[in-house]
Every structure is written in structure tokens, then in C-alpha cells.
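Report on the structure given below.
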Amino acid sequence: MKKGRKSSLLEIIHALLFMALFYIWYTFSLEWYYLFVFMIIPSVVIISISGLLPKDSNAVKKSTSKKLHSKSTKSTINDIKEKQLLEMNGFEFEELCYQYFKSKKVNPRLTQKTQDHGVDLIIEDKESGKDIAIQIKHYYNSNSPVSVQTIREIDSAKKNYNCLFAEVITTSRFTRPALLEAEKRNIICRDIEWVRNKIIKWQNKK
């Protein structure tokens, strides 16, 4: 549930509870101290409900991302490098890509996960010095192909980072429409074969 919607819902519940309790106090002509108690009860109920509502998925994602990259010590990086694709989650594969490009000295930068706008990683093109926006799709377990929508998304998202070029890296494959769209938009597609030949070979040498 989004933060704004969650806050509005809690405010409505708080107001309704208070009005209901005030009605009871007024109708039954209760003592004044009951009104004080009735003012406290809605706040206690709201605190309890707030703890039961689902957390903001973006906040969870950001927290997970921060946790992973705040622990980017040598031991953590080595743990990721030793993992097989089948064992990795999306964040770990992004970290592996980051480490791979770091070894190639192309100035890799991971984006903030809650504000990536479809761009997961930015690297520098050695020849032109211009930035390349990269979207990473870890579909190894599901084997789902990357669709044309992803190509359109990265083509639009690269502008948010002032990147002239864009790539999509996946541990799966691309649909034919996606490849055709990528060719038209001058976007490089790197599938599971590229990952095996480049990243995994590099990973196994470590």
C-alpha cells in the first residue's frame, strides 16, 4: 500500500472512531473524564492497525538494496561471486554485473532502487566517454523472455540520466519483437549467452 493512501485511510478511521465515541459520550451524558479516555482510544487503535497494514513495497525494496550495498565488503562480494545464477536474486545479479563492469574500469554506478526509472546501472563508454544506461533482468529461474515493453522503457528511461546509449542485460532471452524494437532504437541486447561468455567466465576466474 502506498504511503499517502495508507496515511489517508488511517486518518479517516481515526476521525470515524472519535466521532462514534463522542456520540456515545454526548448521548449518554457521561462524565468529562470519559471524553478524555475516548480521545486516547482512537490513537491507540490507529497505532495497532498501522502495524498490521502492508509496508510500502518501494520502501522495502529500497531497504533491501541499501542492506545489500551497505554490506559490499570483500567477503560479501566474494559470496556473490561464488553463487550460481540459479541461487541469485535480482539485487545480487545487479551487484555481480556492477563488479564485472568495475573490473573493466568503465566507471559503473548503481542507481537508487526507488528512483531508478527503469535504469539499474550506468557505465561509461570507453571510446566516446558517454554514459550508457543499463536495465538488468534476472529471469534465469523463470526463463521468461524480455518483452518489447522493456526495450521501450529503457529507451525512455535513459534520458532521465542524460545517457545517449542503452543496453538490456538478461539471464534469459529476448522476444523477436523486442529484438526488432531494440534494433530500431539502437539499443544493445545482451542475453544469457553473453552473460555466460562474459560475466560467468569472469566470475569463475575469481
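Only the coordinates and a few stated rules stand behind these numbers; no lab work does. For clarity, every value in this text was computed on a predicted model and none was experimentally measured. Ideal geometry is used to build each Cβ from the backbone, glycine not excepted, and the neighbour counts take in all protein chains shown.
Brief remarks follow.
- For the peptides 152-162, 99-109, residues were scored by their other Cβ atoms within 10 Å and the scores averaged per peptide; the highest-first order is 152-162, 99-109.
- Shape of segment 108-204, Cα gyration tensor, a/c cut at 1.5: rounded
- Relative packing of peptides 177-185, 121-129 - highest average C-beta neighbours within 10 Å first: 177-185, 121-129
- Integer Hz, Karplus 6.51/-1.76/1.60 couplings in order for segment 130-145, x for Gly and Pro: 7, 7, 10, 8, 10, 10, 10, 10, 8, 10, 4, 6, 7, 6, 6, x
- Couplings for segment 101-112, taken from phi via the Karplus curve 6.51 cos²θ - 1.76 cosθ + 1.60 with θ = phi - 60°, read 5, 5, 5, 8, 6, 10, 6, x, 9, 7, 8, 6 Hz in order; Gly and Pro are left as x.
- Measuring between alpha carbons in the structure, the pairs from 104/130; 104/205; 158/201; 130/198; 102/126; 104/184 lying more than 18 angstrom apart are 158/201; 130/198; 104/184.
- Computed from backbone phi with θ = phi - 60° and the Karplus coefficients 6.51, -1.76 and 1.60, the 3J(HN,Hα) list for segment 119-124 is 10, 9, 8, 10, 10, 10 Hz; x is used for glycine and proline.
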